[in-house]
Amino acid sequence: MGRILLRDAKIVDGTGSPWFLGDVALEDGRIVDIGRDLKIPGSGLRIIDLAGLVLAPGFIDIHSHSDDAVLINPLSESKIRQGVTTEVIGNCGYSLAPLEGEAIDFVRNDLDGSGITPDWSSFGEYLERIEDSGTSVNIAALIGHGTVRQAVMGCVKRTPSPDELEHMKMLVSKSMEEGAFGISTGLIYPPSCYADTDEIVELARSVASKGGIYATHIRDEGLNLVDATREAIAIRKRAGVRVQISHCKSCGSENKGKVQETLKLMENARSQGIDVACDVYPYIATSTGLSIILPAWIFDGGPDKAITRLLNEDMLREIRPQVEEDQGRKLGWDKTLISSVRKEQNKAFEGKSLSEIAQVTEKDPFTAAIDLLVDEALSVQVVRFMMCEEDVKYVLGSRLSSIGTDASSRAPYGFLGKDKPHPRAYGTFPRVLGKYGRDMGILTLEEAVRKMTSLPAQRLGIMDRGLIRPGMIADLVAFDPETVSDTATYSDPHRYPDGIIWVMVGGEPTIEQGEHTGLLCGEVLRHKGR
């Protein structure tokens, strides 16, 4: 690692304090000095002029899904080009480790066609696999509750036996010892949704004992949003674990404004000494699997049984009224766009709504959706327009919200460039800085940066990143405050943002004048425990 002097930057240090002009000196991957007109003696010094640019700590994507993408393309193109220097993977109850039992086949199926073979078992072995492959960004990983449950019980709708619960607790504790930062749940997704609160509390206690975090996609983000938020806070009270409510939002027009109530619950909890916060992405559309339209009991027993049920006409007659009510009348079939399928004959559906697909196939939307799920063995991803702009702005403005993409890393080429993902994979952080910060004034520059840096670092317990201070790791981003913006759209998502000029990971320029240098200087971060 060399010696670098970053000259004449507008420094936003991550604390939320007002910006100041200055120089930052780097050596051996760390910040060694900050000041005006720094004089650095010795030879081999590289000087980089940052006049007119903001220099901030590297952005921490507190809610990422790059579990497989980091292995498929270690350059992490769509993230590093946003200024992201650390990704937190293993969210929404899904991780690629630990692998036992039925979780092995489940993950193997997910990785099918990617060129990646799951040749690991333990959480530590998975982290070592990332290290062997190399990465442009730092990786911090969570344990997926759904993966652990599947490893021990399979995809079944029942409570675990005492032995099964002990086995799950053992896997969680072992994974924490091997470097996991905590556990995540996806309480709308099978098999995580089959767990009751008591089960989650028991596993969260294993995490709390080692100083980890509990990140939760709560049990409902619509009609029962408030009760689902109360459950997350109750888990904190019982387990003693700090809680991160994932992608805080309210889905469905009838639930508009409920985020004000849920954020008030969080603030009230904090006033009582309960450590709870949230994260948010700056878009009104969600992204998930199309199978989310189905009742959870359909998946009891696993994917094969789910498909068998979807081929049963009596079963379809049973679920049709509720699905058509929720997805058709309340949401609107035109609000769900197909973003990814596997089979070539269905690729023409990518970017089209279920209403459009119904017209093309001459079927009603419910039948078109079910037929596509069956044909694709449930592997269909969608983008769904379910939130309102006022709610997004309200959550962004909360002092409790960090910024996360809720997306995996992508690239406009290769395996990661084949479909039409949510544009948040490319545009989240520049969109906050540009649209919601500079253009709309929802956030000051300093507050926006705090939500991307020191706040998520503090939530995770990563204490050597997230601030511009002497002694800190030199993960840094320099951007043009006048031009920084997202360019990815729902119809054309594979587009890098504008205005991200330099990104340094461990003091090494990984983005230089807007272009990737090809360096793989990221680290796999491991939670140190208590």
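The values are calculated or read from the model by the stated rules, or taken from the named source; none is laboratory data. All of these numbers come straight from a predicted model, not from anything done at the bench. Cβ sites come from the backbone with ideal geometry, for glycine too, and all protein chains shown count toward neighbours. Ligands, DNA and RNA are stripped out before the accessible areas are found, and what is left, the full protein with its side chains, is counted by its heavy atoms. Shrake-Rupley method; radii C 1.70, N 1.55, O 1.52, S 1.80 Å.
Annotations for the structure displayed:
- Options 188, 218, 235, 213: the member that is under 24 Å from residue 295 (Cα atoms) and either open to solvent by less than 20 Å² (accessible area, probe 1.4 Å) or free of Cβ contacts under 8 Å to residues at least 12 places away in the same chain (or both): 218
- The listed residue being among the hydrophobic types (A, V, I, L, M, F, W, C), out of contact with any helix residue (DSSP H, G or I) (no Cβ under 8 Å at 6 or more places or on another chain), within 30 Å of residue 419 (Cβ to Cβ) and buried (at least 22 other Cβ atoms within 10 Å of the Cβ), out of 503, 477, 484: 477
- Test result for residue 48, over 14 Å from the mean Cα position of the chain (by Cα), closer than 17 Å to residue 473 by Cβ and at pLDDT 95 or above: no
- Residue 43 satisfies every condition listed in (1) under 26 Å from residue 488 (Cα atoms); (2) open to solvent by 30 Å² or more (accessible area, probe 1.4 Å); (3) not hydrophobic (A, V, I, L, M, F, W, C) except (1).
- Filtering segment 412-426 to residues that are open to solvent by 10 Å² or more (accessible area, probe 1.4 Å) and among the basic types (Lys, Arg) leaves 418, 420.
- Residue 223 satisfies every condition listed in (1) open to solvent by 30 Å² or more (accessible area, probe 1.4 Å); (2) in contact with a Lys or Arg (Cβ under 8 Å, 6 or more places away or on another chain); (3) farther than 30 Å from residue 527 by Cα; (4) in a loop (DSSP other than H, G, I, E, B) except (2).
- A single member of 451, 528 is of a type outside the set (S, T, N, Q) and touching a helix residue (DSSP H, G or I) at 6+ places or on another chain (Cβ under 8 Å), and it is 451.
- Test: residue in segment 288-296 that is open to solvent by 60 Å² or more (accessible area, probe 1.4 Å), assigned to a helix (DSSP H, G or I) and not acidic (Asp, Glu): no
- Residue check for residue 327: surrounded by 18 or more Cβ atoms within 10 Å (Cβ to Cβ) and in a helix (DSSP H, G or I): yes
- Scanning segment 265-285 for residues that are open to solvent by 10 Å² or more (accessible area, probe 1.4 Å) and either under 22 Å from residue 328 (Cα atoms) or assigned to a strand (DSSP E or B) (or both) yields a single hit, 284.
- Scanning segment 222-267 for residues that are more than 21 Å from residue 208 (Cβ to Cβ) and of a type in the set (Val, Ile, Thr) returns 226, 259, 262.
- Which numbered condition residue 395 fails, given (1) of a type outside the set (Ser, Thr, Tyr); (2) surrounded by fewer than 23 Cβ atoms within 10 Å (Cβ to Cβ); (3) assigned to a helix (DSSP H, G or I): (2)
- Remark: pairs (first residue in segment 111-139, closer than 20 Å to residue 79 by Cα and free of Cβ contacts under 8 Å to residues at least 40 places away in the same chain; second residue open to solvent by 10 Å² or more (accessible area, probe 1.4 Å) and among the charged types (D, E, K, R); Cβ separation under 7 Å; 6+ apart in sequence or on different chains) are absent.
- Residue selected from segment 336-350 under the condition in contact with a strand residue (DSSP E or B) (Cβ under 9 Å, 6 or more places away or on another chain) and surrounded by fewer than 18 Cβ atoms within 10 Å (Cβ to Cβ), by the criterion farthest from residue 310 (Cα to Cα): 350
- Candidates 467, 445, 433: the one that is at pLDDT 95 or above, buried (at least 24 other Cβ atoms within 10 Å of the Cβ) and in contact with a strand residue (DSSP E or B) (Cβ under 8 Å, 6 or more places away or on another chain) is 433.
- Test: residue in segment 97-114 that is in a helix (DSSP H, G or I), among the aliphatic types (A, V, I, L, M) and open to solvent by less than 20 Å² (accessible area, probe 1.4 Å): yes
- Selected residue (only one of 401, 353, 409 is over 23 Å from residue 291 (Cα atoms) and open to solvent by less than 20 Å² (accessible area, probe 1.4 Å)): 401
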